[in-house]
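Enquirer: Starting off with a structure, shown below.
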DNA sequence: CTGTTAGCGCGTTCAC
DNA sequence: GTGAACGCGCTAACAG
């Protein structure tokens with residue numbers, strides 16, 4: 001399809017073409033660079049006619065504005081940073097989308113990073129992000145290293161922590177209590193008559209939301225006088241569907257009379273349900289299983305999965321909106337907490353009547 | 001937890017703290033700014049002792065390097081741009097992770113954007129990205145607007161197109177033929193004795209990979225003499241689990257004797273299978289269903305789903321590696337094609353013997 | 001509405 | 001191994 005003998009030349013030529021500067025566009029049009037600069041901004045005062053001539057020249061020459069240079073002199077990077085634990089198979093990809101959508105047409109560019117549920121990696125990413133001088137930053141959770149906190153403090157930019165309610169918030173918070181959400185689910189199921197509760201979650205403390213859900217579970221089971229909850233920790237967060245399946249097997253081996261199993265996420269719940277079915281058990285007749293997060297899969301699968309619906313997209317969107325307010329308000333930000341909703345969604349997987 | 005009466009003052013103070021410049025660090029240590037600059041780079045020649053003193057000062061003062069300023073003078077932005085159709089519930093999030101991982105410790109920062117399967121949005125994003133002067137760019141697919149092509153050409157940076165084999169590649173390609181992959185699946189199922197083939201995909205031509213899969217399906221069914229394929233187009237790509245369920249209903253209403261249904265992705269296949277089960281049909285005994293992409297769900301669900309395994313993560317990783325080669329090789333790039341593997345994974349959902 | 005001057009905070013390039 | 005001058009490409013601030 002292409003001549004193989006001079007791709008390099010072609011490339012070099014193209015590279016030269018790019019070296020267009022605003023001043024050159026200005027000369028071409030017969031105005032000053034400043035006027036070209038103004039033509040690119042909405043509010044600036046440039047006559048419609050010159051702007052039109054400039055934009056035609058920009059088009060003809062193929063000039064592309066250089067924001068790095070601009071941000072250096074305007075002292076506004078135009079970046080917003082956001083760190084999420086993971087962007088795969090998780091609720092956080094919806095949050096990332098909420099952020100991206102809220103940033104659309106604001107002229108702000110998102111710098112997205114994923115921490116892999118590690119506070120150390122978060123610290124490294126925060127530093128990398130701060131080197132780009134973001135105007136604000138969105139974090140997941142409230143667990144940060146001391147150095148990370150210090151860097152954020154020094155940076156003097158608005159910070160939004162999401163997805164949980166930290167004990168010591170940095171600035172603004174957009175999230176909900178994972179513990180209370182799980183508690184609500186336990187109570188809903190206890191109301192349905194379930195008594196012997198099991199729980200499946202990941203092993204380490206890296207996933208603070210997971211830990212909070214577990215402690216909400218344990219606390220509530222205790223409060224309801226339903227004896228100690230039966231907890232199986234299996235796999236490094238985020239635990240997979242497959243690990244959910246393995247965990248439910250362990251759980252049932254250890255406590256065969258468990259009536260209902262709550263899982264740290266819908267994915268592990270799905271894995272657990274499928275594993276039970278493979279083993280010839282009927283969910284929910286023989287065993288009831290519930291998840292957390294209301295992933296798409298939970299309403300579709302058979303049996304459909306009881307879960308907690310969480311406003312993943314809204315968390316991202318609202319976090320971005322709060323951040324935008326602060327950024328446009330001069331970088332200051334009230335240290336408020338925006339609570340996002342959640343609700344129990346009862347479905348077939350915990351409906352004793354059968355599927 | 002905090003004093004509510006002077007958060008603003010606190011913020012302003014913090015903001016001031018950030019205004020640290022390299023020169024100030026230099027003064028503090030008693031060296032020149034240039035020496036501080038060198039201390040931050042690996043290769044630079046600074047005595048170990050001064051570097052140590054500088055780094056201690058950096059730590060003590062909380063100085064954070066400003067890369068935007070640096071990139072302006074070094075004429076290297078340190079950015080790589082990547083555009084994917086979606087980051088939710090899709091194979092592309094794995095690709096994004098592959099890119100991110102490959103970029104780790106290279107000092108390059110990823111600018112990620114999602115096009116929502118729209119060439120127009122892609123064009124806008126390409127322009128937005130180019131304003132940050134990325135050193136290379138990774139795109140999904142080979143379908144771009146003319147203006148997008150022109151901008152990329154002018155930019156003179158290496159481009160990697162992924163996930164398919166464009167008819168007219170820009171530079172490098174990392175992907176596979178979606179048409180041939182689907183063809184392989186058709187043949188594998190025909191080998192198993194299936195004859196009456198149906199297909200479920202999205203409606204518009206926006207999703208070029210989807211279109212290629214469909215044409216691969218149609219072509220192969222034809223070649224095998226298995227009459228015209230029965231195609232249902234339903235929903236705007238990416239089609240959801242629920243839409244997969246609705247589509248299979250339409251398909252079976254129209255062609256009740258269909259033996260096997262191929263879906264554009266595992267997600268729609270999963271939705272189709274669940275819908276069939278809800279309607280009391282036995283998959284695969286009454287109807288066989290296959291997907292594309294080998295999502296986690298396909299190996300876990302019951303019945304497990306026959307599909308095409310694609311190296312999503314590897315596509316991203318290899319694309320990034322190719323780009324890094326080009327970037328370090330001075331911005332030029334051979335216009336080669338890196339084929340990534342795929343394979344048919346036969347599972348329960350097309351196993352006539354029963355589940 | 002438009003132009004001029006100055007400088008954003010670094011790295012390049014050269015000198016020592 | 002270290003420092004000084006200069007400029008990257010743009011925009012703030014002011015002048016007209």
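Readers should treat all values here as calculations from the given coordinates under stated rules, not as data from a laboratory. In this text, all values refer to a predicted model and were calculated from it rather than measured experimentally. Neighbour counts run over all protein chains shown; Cβ positions are idealised from the backbone, glycine included.
Enquirer: When a/c reaches 1.5 or more, the comparison of a/b and b/c decides; with that in mind, is segment B:217-275 rounded, prolate or oblate per its Cα gyration tensor?
Expert: The shape class here is prolate.
Enquirer: Using a simple spin-label model with points 7 Å from Cα along the Cα→Cβ vector, what separation in nm is obtained for residue B:119 and residue B:21?
Expert: 4.8
Enquirer: Same structure, new question: Let me have the 222 nm mean residue ellipticity of chain B computed from DSSP H runs of 4+ only, each contributing -39500 (n - 2.57), with the sum over all residues rounded to the nearest 500.
Expert: On the way: 14 runs with 163 residues, N = 355.
The helix-only estimate for chain B comes to -14000 deg cm²/dmol at 222 nm.
Enquirer: Compute the label-point distances linking residue A:222 to its equivalents in the other copies; points lie 7 Å from Cα along Cα→Cβ; give nm, one decimal, shortest first.
Expert: Those label-point separations list as 6.9 nm.
Enquirer: Please report, in whole Å, how far the alpha carbons of chain A spread along each principal axis, starting with the longest.
Expert: Dimensions of chain A along the principal axes of its Cα atoms: 84, 56, 36 Å.
Enquirer: For the pair residue B:167 and residue A:34, how long in nm is the line joining their label points, each one 7 Å along Cα→Cβ?
Expert: It is 5.1 nm.
Enquirer: Still on this structure, please answer the following. Tell me, what is a quarter of the convex hull surface for the C-alpha atoms of segment A:111-177, in nm² with one decimal?
Expert: 4.1
Enquirer: Taking a ≥ b ≥ c as the square roots of the eigenvalues of the Cα gyration tensor of segment A:13-98, is the shape rounded (a/c under 1.5), prolate (a/b larger than b/c) or oblate?
Expert: Details: a/c = 2.71, a/b = 2.12, b/c = 1.28.
Taking the square roots of the gyration eigenvalues as a ≥ b ≥ c, segment A:13-98 is prolate.
Enquirer: If we hang a label 7 Å off Cα along the beta carbon direction at residue A:48, how far is it from the matching labels on the other copies, in nm, shortest first?
Expert: 7.0
Enquirer: Right, another one. Taking the DSSP beta bridges in the protein assembly as shown as the whole, what percent of them are antiparallel, to the nearest 5?
Expert: Taking every DSSP beta bridge within the protein assembly as shown, about 10 percent pair in antiparallel fashion.
Enquirer: Send over the per residue convex hull volume for segment B:178-309, Cα only, as a whole number of Å³. Working shown, then result.
Expert: Working: hull volume 11.8 nm³, N = 132.
Convex hull of Cα atoms, per residue: 90 Å³.
Enquirer: Return the percentage of antiparallel bridges among DSSP beta bridges fully within segment B:242-355, rounded to the nearest 5 %.
Expert: Antiparallel bridges: around 45 percent, rounded to the nearest 5.
Enquirer: Does the protein assembly as shown come out rounded, prolate or oblate by the C-alpha gyration tensor, with a ≥ b ≥ c the root eigenvalues, rounded set by a/c under 1.5 and, if not, prolate when a/b is larger than b/c and oblate if not?
Expert: The shape class here is oblate.
Enquirer: Between residue A:50 and residue B:127, what FRET efficiency follows from the Cβ-Cβ distance if R0 is 25 Å, with the result rounded to 0.05?
Expert: For R0 = 25 Å, the calculated efficiency reads 0.70.
Enquirer: Exposure proxy check: B:236, A:173, B:160 ranked by fewest other beta carbons within 10 Å? Let's see the in-between values first.
Expert: Working: B:236 14, A:173 25, B:160 29.
Exposure proxy ranking, most exposed first: B:236, A:173, B:160.
Enquirer: How much of the DSSP beta bridge set in chain B is antiparallel, as a percent to the nearest 5? List each step's numbers first, then the result.
Expert: On the way: 4 of 35 bridges.
Approximately 10 percent, going by the DSSP bridge assignments.
Enquirer: What are the nm distances, shortest first, from residue A:27 to its equivalents in the other copies, labels at 7 Å along Cα→Cβ?
Expert: Distances between equivalent label points, in nm: 3.8.
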